[in-house]
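J.: This is the structure I want to talk about, given as structure tokens.
The values are calculated or read from the model by the stated rules, or taken from the named source; none is laboratory data. Note that the structure is predicted; figures quoted are calculated from it, not measured. When we count neighbours, we look across all protein chains shown, and the Cβ atoms used for this are built from the backbone with ideal geometry, even at glycine.
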Amino acid sequence: MQQWAANGIPLPVVIEALDSVFDKREAAGKKVNSLSYCKHAVKEMWEERKALAVGAEGGAPEEDPSSRLEALALALESTPASSFASRVRELAALRSLPKIEEALMGVEEELVAALATDALREEAARMVPGAEQRAIDAHLRRLVREHHGLPRLTVM
């Protein structure tokens, strides 16, 4: 564990990797007898997270997702989506970047459903004629963000 800390691997990454190893071994009916069994999983997860953050502004991934969530919440407070700010802040309790990102996608889905007007829905469908529903939905999310001055809900 000291080596993980010395390598700068954030605690949420270590915990998530350990949980993953323990869950997989438990599902296979086996036990983990040593943390050294988890070394590869922790290193692999950390490398994956760093690769996901290439080109992202700020520090290392998961260095402090709560500060980024707070910044998102503050940005939402000055928009028609201010009621979603507290929900964004609460996501810091998840302590796992993938879980936070997944939850943010759900919050954004609800936010778009609440703020998408018929006019925006029609504009999204018109601008992407014949497109699959996924493309229209993505365009609608962009239109709602632009129309209401909303930030993109992500901590990456």
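J.: Name the pairs: first residue in the range 29-51 and surrounded by 14 or more Cβ atoms within 10 Å (Cβ to Cβ), second residue polar (S, T, N, Q), Cβ to Cβ under 7 Å, at least 6 apart or on different chains?
T.: Listed pairs, sorted by first residue: Ala41/Ser20.
J.: Does Ala135 qualify as being at pLDDT below 85 and out of contact with any strand residue (DSSP E or B) (no Cβ under 8 Å at 6 or more places or on another chain)?
T.: Here the answer is yes, as Ala135 does meet what is asked.
J.: Can you name the residue in the range 74-93 that is under 14 Å from the mean Cα position of the chain (by Cα) and without any contact (Cβ under 8 Å) to a residue 60 or more places away in the chain and, of all such residues, is farthest from Leu111 (Cα to Cα)?
T.: Top of the filtered list is Ala93.
J.: So which residues in the range 7-29 are in contact with a Lys or Arg (Cβ under 9 Å, 6 or more places away or on another chain) and over 23 Å from Lys99 (Cα atoms), if there are any at all?
T.: Asn7
J.: In the range 1-42, how many are part of a loop (DSSP other than H, G, I, E, B) and aliphatic (A, V, I, L, M)?
T.: Number of matching residues: 4.
J.: Anything in the range 100-144 that is touching a residue at least 24 places away in the same chain (Cβ under 8 Å) and within 30 Å of Val14 (Cβ to Cβ)? List them, or say none.
T.: If the condition is that a residue be touching a residue at least 24 places away in the same chain (Cβ under 8 Å) and within 30 Å of Val14 (Cβ to Cβ), then Ile100, Glu101, Leu104, Met105, Val107, Glu108 are the ones that fit.
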